[in-house]
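Novice: Pasting a structure below so you can have a look.
The values are calculated or read from the model by the stated rules, or taken from the named source; none is laboratory data. Source: prediction; values computed, not measured. Every residue, glycine among them, receives a Cβ derived from its backbone with ideal geometry; neighbour counts consider all protein chains shown. To get the accessible areas, we keep the full protein, side chains included, count just its heavy atoms, and leave off ligands, DNA and RNA. Shrake-Rupley method; radii C 1.70, N 1.55, O 1.52, S 1.80 Å.
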Amino acid sequence: MSIDYETLRTKAKTIVMIPDHYRLEMEDNTPKSNEKERSFIWEDPEKNDCKIEVALDLETGDLIRLDIDMEDKNTGNQDNSEEDARAIADAFLMKHNPDHTAFTWVNIEERQNFRFITYREEVGGLPLPDTGCEITLDNSLNIIRYQSEQKTAPRPKWSDSIVDAKNVRQQVLSDLQMKLTMVTLYPSMYEMEGTQPEYRLVYEAIPDRRLINAITGVDHFGIEHYLMPPSHPIAPIERDDTDSLGDTLTFEESEKEKPLNPNDPSEELIKNIAAWEMLGIDPKLYVLEKSKDDDERIKLLYKLKEEVDEEPESETLSVDAYIKRKWGDSLRKLESSFIIQIEKSTGRLAGFFHWTEEEKETTATASLTRKQCWEKAEQFLQHVFPDYTSYLQLEVDQENMDEELRDHEFFYLPVYIGNIPVNHERAMVSVSTLTGKICSYMGVSYEEILELAERNFCPVLTPEKAFDRYSEHVSIRLKWFKDLDENSPVYRLLYESTTTCQADVPLSVDRNRELKYIDACSGELIWQKV
């Protein structure tokens, strides 16, 4: 079947009004791995962030996606009703989606002055994931987003019999444990007094969510799916004081009081850091290309001094040419470059990433075992996080990890204060199995660790009392789940455990909330806004 691209281009221009001064920057079939759409992108030549994207189905010409990024989308009439938004979305849907009559389940949410309207097919009164479409409207009720879902699983039938919800709830509660953890609560995320973040010692439900097959009563994934991998303390290793990299990688104390100018492309910033060479940044070869100071972290990008030959800009409208024009310079800067983040308050390395074309294109096989790579990672931690054994544990390896050859080994290190975890905070180190070099490091806030260590929290509530308070709010609800692990996708009817409820608050604020924690010192219920 031949495709009339001219007809598709003409139709794309009718979906939404394209300003006269906008230029067509991309027109191509997407995704390239499985071409099902014809995508068009128009951009304002004077404003990089202003663009309109339209994607049409290659076979039917139906609208699949609309994405409009323009200025002033947060301004306009904020008194528009939900009914007005629904009427505009319905009219758009009837015009552009021939299957709209099948979308009988509708949900409307308001967040940050935007209206999000979701349409779904339903079976048994429950929405089917990945069906229907989603529409977003701005303050002025202009449609700025549209995404039509491509249904790939057959429509399910409602079962003649399902497991009793009371039995499922009892099963969930019998497997639930309350574990101590340290958290940082933010007013934007939790219902709390005050406007500043707070450190708390809380009880967290483990696992806090389950998916139980409504037909068989068996957990769809298995209990291990919901648990973080186990970890163990790290035994200190003897530090070699003769090592030339023996200094801690941090800002010199004498320099901390001096204001740093992150926009200064000189090499002074390098000189302010001890043992900088351990990261492989030779001042003779690398130059500070870009820097940013966000008051919490200094972010640096170092690149080789050799100039990269500029390639002629392509005028074609293909996906590859568009990406090259849009992000080609940024991608080239990453090649053989170093990205570094430093926590300003402590001078500690907070992030590190190094990637080279040579390593990416090499055909060599791994030469270092996982154990040898951990030794390299631990030597690195000695310099960037000298007291790592006091605050980090090492996640237990999965079985048979040494049987598979990998280009990089990744080590995950959850944060603990004493024997209490810090709310899923963890560091990460990756090591090249080819060279033994550190390729990336994802650190944690050392300032936060020190502040938590000084808190000396003393739990008053017992796990049993926390369980009693938490379990009162655990409920069970049915939902359709799209299972992608089969030979072909299929819908499963599952029970989901939840603590989400409707808050008794005005409609102008977030109405749904979820019981997330129980304060271990006061017994307070801590609700998360959802």
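Novice: What is the Cα centroid distance between the stretch 471-491 and the stretch 189-213, reported in whole angstrom?
Specialist: Answer, in whole Å: 23.
Novice: Same structure again: Can you list the GluC sites (Glu not before Pro) in the stretch 156-245 that are in a DSSP coil and have 10 or fewer other beta carbons within 10 angstrom?
Specialist: Glu193, Glu238
Novice: With 28 Å as the limit, write out which pairs from Lys299/Lys529; Lys36/Lys324; Lys11/Lys151; Lys179/Lys437; Lys324/Lys376; Lys11/Lys157 have Cα-Cα distances beyond it, or answer none.
Specialist: Lys299/Lys529; Lys179/Lys437; Lys324/Lys376; Lys11/Lys157
Novice: Hey, another quick one. Note down the magnitude of the dipole of the stretch 375-500 about its Cα centre, charges +1 on Lys and Arg C-beta and -1 on Asp and Glu C-beta and zero elsewhere, to the nearest 20 debye.
Specialist: 520 debye
Novice: A follow-up question, please. Amide H neighbours of Leu394 under 5 Å, counting only residues 5+ apart in sequence or on other chains, H built in-plane at 1.01 Å?
Specialist: His232, Ile234
Novice: Can you give me the % of accessible surface on the stretch 136-199 that is carbon or sulfur? Probe 1.4 Å, all protein chains present, nothing else counted.
Specialist: C and S atoms contribute 46 percent here.
Novice: So what are the ³J(HN,Hα) numbers for the stretch 178-190, from phi and the Karplus equation (6.51, -1.76, 1.60; θ = phi - 60°), rounded to whole Hz, Gly and Pro as x?
Specialist: Ordered by residue, 3J(HN,Hα) equals 9, 10, 6, 8, 9, 9, 10, 9, 10, x, 6, 10, 10 Hz.
Novice: Quick check: net charge around Ser81, other residues with Cβ under 12 Å of its Cβ, Lys/Arg +1 and Asp/Glu -1?
Specialist: Net charge in that neighbourhood comes out at -3.
Novice: Excluding Ile3 itself, calculate the net charge of residues whose Cβ lies under 12 Å from the Cβ of Ile3, where each Lys or Arg counts +1 and each Asp or Glu counts -1.
Specialist: Once all neighbours under 12 Å are counted, the net charge is -3.
Novice: Which lysines, if any, have their Cα less than 20 Å from the Cα of Lys166, not counting same-chain residues under 8 positions apart?
Specialist: Lys479
Novice: Report in % the part of the accessible area of the stretch 408-530 that belongs to carbon and sulfur, leaving out ligands and nucleic acids; probe 1.4 Å.
Specialist: 48 percent
Novice: By average Cβ neighbour count within 10 Å, what is the ranking of 104-112, 345-353 from highest down?
Specialist: Packing order, densest peptide first, comes out as 345-353, 104-112.
Novice: Follow-up question, since we're still on this one. Mind checking the per residue accessible area of the stretch 67-179 for me, 1.4 Å probe, whole number of Å²?
Specialist: Per residue, the stretch 67-179 has 57 Å² of solvent-accessible surface.
Novice: Separate question: Hey, with R₀ at 60 Å, roughly what FRET efficiency would Asn456 and Ala87 work out to, going by the Cβ-Cβ distance, to 0.05?
Specialist: The value I calculate is 0.55.
Novice: Next up: For the stretch 213-225, just list the computed ³J(HN,Hα) in residue order, Karplus coefficients 6.51, -1.76 and 1.60, θ = phi - 60°, integers in Hz, with x standing in for Gly and Pro.
Specialist: 4, 6, 8, 9, x, 9, 4, 5, 9, x, 4, 5, 4
Novice: Provide the packing ranking of 20-27, 117-124, i.e. peptides ordered by the mean count of other C-beta atoms within 10 Å per residue, highest first.
Specialist: 117-124, 20-27
Novice: Give the carbon-plus-sulfur fraction of the accessible surface of the stretch 1-64 in %, rounded to a whole number; probe 1.4 Å, heavy atoms of protein chains only.
Specialist: After summing per-atom areas, the C and S share lands at 46 percent.
Novice: Using amide H atoms built in the peptide plane, which far-off residues or other-chain residues are under 5 Å from Asn512 H to H?
Specialist: Ala503, Val530
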